[in-house]
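Below is one structure, written out as structure tokens; the observations come after it.
The values are calculated or read from the model by the stated rules, or taken from the named source; none is laboratory data. Note that the coordinates shown come from a computational prediction; the quantities given were computed from them, not determined experimentally. Reconstructed Cβ throughout: ideal geometry from the backbone, glycine too, with neighbour counts over all protein chains shown. Remember, those area values only see protein heavy atoms, side chains included, never the ligands or the DNA or RNA. Shrake-Rupley method; radii C 1.70, N 1.55, O 1.52, S 1.80 Å.
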Amino acid sequence: MFIADLQQFETAMNYHERLKEKKTEAIAALGNSAAMIAEESQKLINIIGEDKRLMRQLASAYEKRYFANEVWLRKLREAATAAGNWKIQFDDNGKIVIEETKEYVRELLVLLQNKRVKTVVDGIMFDVEGELIAIPEA
């Protein structure tokens, strides 16, 4: 299917309203998870605002639910500490702290989607836009 006018298509499908609903659900889920406390998650409301790209990334993070896995969260903290230059911050209890900037939230959402990768050959780190496809080990 080819969509000639994306904005008109999104309007017809009520896409923006559904994104806003997902944003509310995702923020509530984050606040009720092991990832962060509710007060921190509420900061995302104003920062994300009606930015479609950030709302889509938040919806993706919500669907993947890595933030609900305590083992994965521990590995995230360890990777962030080892890297030393990631923006993500944690409090003394290991919960994510929200810095109220879009730049911080963009990186946070990349991390919560598990889309920061390191190449095998060069060891260069990238943030990936599309979906990652796992390659089975032989």
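A few comments on the model shown:
- Helices (runs of 4 or more DSSP H) wholly inside region 34-138 that include at least 1 residues being touching an Asp or Glu at 6+ places or on another chain (Cβ under 9 Å) and of a type in the set (Asp, Glu): 38-48, 102-112
- Qualifying residue in region 10-28 (condition: closer than 12 Å to Ile96 by Cβ, in contact with a Ser or Thr (Cβ under 6 Å, 6 or more places away or on another chain), surrounded by 12 or more Cβ atoms within 10 Å (Cβ to Cβ) and at pLDDT 95 or above): no
- Members of region 83-100 found to be open to solvent by 20 Å² or more (accessible area, probe 1.4 Å) and farther than 17 Å from Phe126 by Cβ, listed by number: Gly84, Gln89, Phe90, Asp91, Asp92, Asn93, Lys95, Val97, Glu99, Glu100
- Residue check for Glu103: at pLDDT below 95 and either open to solvent by 40 Å² or more (accessible area, probe 1.4 Å) or among the β-branched types (Val, Ile, Thr) (or both): no
- Pairs, first over 25 Å from Glu50 (Cβ atoms) in region 105-124, second small (Gly, Ala, Ser) and open to solvent by less than 30 Å² (accessible area, probe 1.4 Å), C-beta under 9 Å, six or more apart: Asn114/Ala61
- For region 60-68, the criterion of a residue being among the basic types (Lys, Arg), buried (at least 19 other Cβ atoms within 10 Å of the Cβ) and touching a residue at least 12 places away in the same chain (Cβ under 8 Å) is satisfied by no position.
Quick grid of which residues meet (1) at pLDDT 95 or above; (2) within 24 Å of Glu17 (Cα to Cα):
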position: Tyr62; (1), (2): yes, yes
position: Glu78; (1), (2): yes, no
position: Ala82; (1), (2): yes, no
position: Gln89; (1), (2): yes, no
position: Leu112; (1), (2): yes, yes
position: Thr119; (1), (2): no, no
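- Failed criterion for Val128 (all others in (1) at pLDDT 95 or above; (2) closer than 23 Å to Arg53 by Cα hold): (1)
- Matching residues in region 106-138 - criterion: being open to solvent by 30 Å² or more (accessible area, probe 1.4 Å), under 22 Å from Ser41 (Cα atoms) and among the charged types (D, E, K, R): Arg106, Arg116
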